[in-house]
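Q: Let me begin by handing over the structure; questions about it come next.
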Ligand SMILES: C[S@@+](CC[C@H](N)C(=O)[O-])C[C@H]1O[C@@H](n2cnc3c(N)ncnc32)[C@H](O)[C@@H]1O
């Protein structure tokens, strides 16, 4: 039988481990992963094993090769004087190339965000959920109405770096470290972006996308999902469309769909 002391020890072990200690992962995130496992079994060893496996699945595939403290120092040096727009775009692209999700978007950044505004309008406020390095694409947003932007993730060093980038070039933008599955977001906005994460969220906690959509304090949600499997062999369009349709089935939301590059885009609007 597992008790509170066992749970705390599992959390402490992760927070002190070489693999995860720099990430400063939020306690509610780790606790939620463990709680989900305790609902499946009371076997302590099995809970620990499954918890570590789930944690690895959420975090490990997206630990890009960036040393954020080094990158932050470089950012300070580069920004003694502000970069020109072309230099800023080259700098941001070089970093986005290091993360799988943004790398796949690099060839069509202008088209990607233009398509989004064409569907949802030039909104004033955006929550970028599970943002990773997507906020580095702000120089391609071309939305003159944008006044508030929140970059939300659980990876604190990445958020610290984004904070520096925002202070230098997009002072209206903010970061927030929060697991939006474990803790409902209180922020309100016109729109939420949820790019390339729903399929992974559903693996972590089936049905959690629907719960999130019901609770988010936004009028519109833009979801993106990969159009093809990792090797590019077969289409995932039907599978991913069903996933999104299931998440809003019976709720008062409309759904529109399109594709830009290798990304399926779903526009969910409160009716
Ligand atoms: C696949 S990447 C997201 C890519 C990004 N949205 C894009 O399309 O460029 C996964 C990111 O989501 C973050 N993440 C995963 N689950 C999360 C959660 N429940 N709350 C906040 N961030 C989360 C991870 O830390 C990682 O940075």
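Q: Would you be able to say whether some residue in region 229-248 is within 11 Å of the ligand (Cβ to nearest atom) and part of a helix (DSSP H, G or I)?
A: The answer is no; no qualifying residue exists.
Residue-wise test of (1) touching a helix residue (DSSP H, G or I) at 6+ places or on another chain (Cβ under 6 Å); (2) assigned to a loop (DSSP other than H, G, I, E, B); (3) not assigned by TED's automatic domain parsing to the domain that holds residue 159.
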site: 13; (1), (2), (3): no, no, yes
site: 28; (1), (2), (3): no, no, yes
site: 31; (1), (2), (3): no, no, yes
site: 37; (1), (2), (3): yes, no, yes
site: 40; (1), (2), (3): no, yes, yes
site: 50; (1), (2), (3): yes, no, yes
site: 53; (1), (2), (3): no, no, yes
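Q: Quick one: which of 186, 264 is free of Cβ contacts under 8 Å to residues at least 60 places away in the same chain, outside the structural domain of residue 57 (by TED's automatic domain parsing), out of contact with any helix residue (DSSP H, G or I) (no Cβ under 9 Å at 6 or more places or on another chain) and within 16 Å of the ligand (Cβ to nearest atom)?
A: Working: 264 fails: out of contact with any helix residue (DSSP H, G or I) (no Cβ under 9 Å at 6 or more places or on another chain).
Matching residue, one of 186, 264: 186.
Q: Being farther than 19 Å from residue 205 by Cβ and under 21 Å from the mean Cα position of the chain (by Cα) is true for just one of 77, 104, 85. Which residue is that? Before you say what the answer is, go through the steps one by one.
A: Numbers: 77 fails: under 21 Å from the mean Cα position of the chain (by Cα); 85 fails: under 21 Å from the mean Cα position of the chain (by Cα).
Testing whether each residue is farther than 19 Å from residue 205 by Cβ and under 21 Å from the mean Cα position of the chain (by Cα) leaves just 104.
Q: I would also like to ask the following. Of the numbered conditions (1) surrounded by fewer than 16 Cβ atoms within 10 Å (Cβ to Cβ); (2) part of a helix (DSSP H, G or I); (3) more than 10 Å from the ligand (Cβ to nearest atom), residue 61 fails exactly one; give the number of that condition.
A: It fails just one condition, (3).
Q: Output the residue which, of all residues in region 143-170 that are within 14 Å of the chain's Cα centre (by Cα) and part of a helix (DSSP H, G or I), is nearest to the ligand (Cβ to nearest atom).
A: Taking region 143-170 as the starting set, the residues that turn out to be within 14 Å of the chain's Cα centre (by Cα) are 149-156, 158-159, 162.
Retained after the next criterion (residues that are part of a helix (DSSP H, G or I)): 156, 158-159, 162.
Numbers: 156: 10, 158: 7, 159: 9, 162: 11 Å.
Result: 158.
Q: Okay, moving on. Look through region 118-142, keep the residues that are part of a loop (DSSP other than H, G, I, E, B), surrounded by 19 or more Cβ atoms within 10 Å (Cβ to Cβ) and at negative phi, and return whichever of them is farthest from the ligand (Cβ to nearest atom).
A: Initially, region 118-142 is screened for residues part of a loop (DSSP other than H, G, I, E, B), giving 121-124, 130-133, 141-142.
This time we only want the ones that are surrounded by 19 or more Cβ atoms within 10 Å (Cβ to Cβ), so: 123, 130-133, 141.
Narrowing the set further to residues that are at negative phi leaves 123, 131, 133, 141.
Working: 123: 17, 131: 5, 133: 6, 141: 14 Å.
If we take residues in region 118-142 being part of a loop (DSSP other than H, G, I, E, B), surrounded by 19 or more Cβ atoms within 10 Å (Cβ to Cβ) and at negative phi, then 123 is farthest from the ligand (Cβ to nearest atom).
Q: Are any residues in region 139-151 in contact with a strand residue (DSSP E or B) (Cβ under 8 Å, 6 or more places away or on another chain) and without any contact (Cβ under 8 Å) to a residue 40 or more places away in the chain, and if so, which ones? I'd like the intermediate steps shown before the answer.
A: Kept after step one, since they are in contact with a strand residue (DSSP E or B) (Cβ under 8 Å, 6 or more places away or on another chain), are these residues of region 139-151: 146-151.
146, 147, 149, 150, 151 - these are the residues of region 139-151 that are in contact with a strand residue (DSSP E or B) (Cβ under 8 Å, 6 or more places away or on another chain) and without any contact (Cβ under 8 Å) to a residue 40 or more places away in the chain.
Q: Which of (1) within 13 Å of the ligand (Cβ to nearest atom); (2) part of a helix (DSSP H, G or I); (3) surrounded by fewer than 17 Cβ atoms within 10 Å (Cβ to Cβ) does residue 76 not meet, given it meets every other one?
A: Failing condition for residue 76: (1).
Q: I'm trying to understand the selection: among the residues of region 189-220, which are assigned to a loop (DSSP other than H, G, I, E, B) and within 11 Å of the ligand (Cβ to nearest atom)?
A: 196, 197, 205
The values are calculated or read from the model by the stated rules, or taken from the named source; none is laboratory data. Small disclaimer: the values here were computed from a predicted structure and weren't measured. We place every Cβ from the backbone using ideal geometry, glycine too, and count neighbours over all the protein chains shown.
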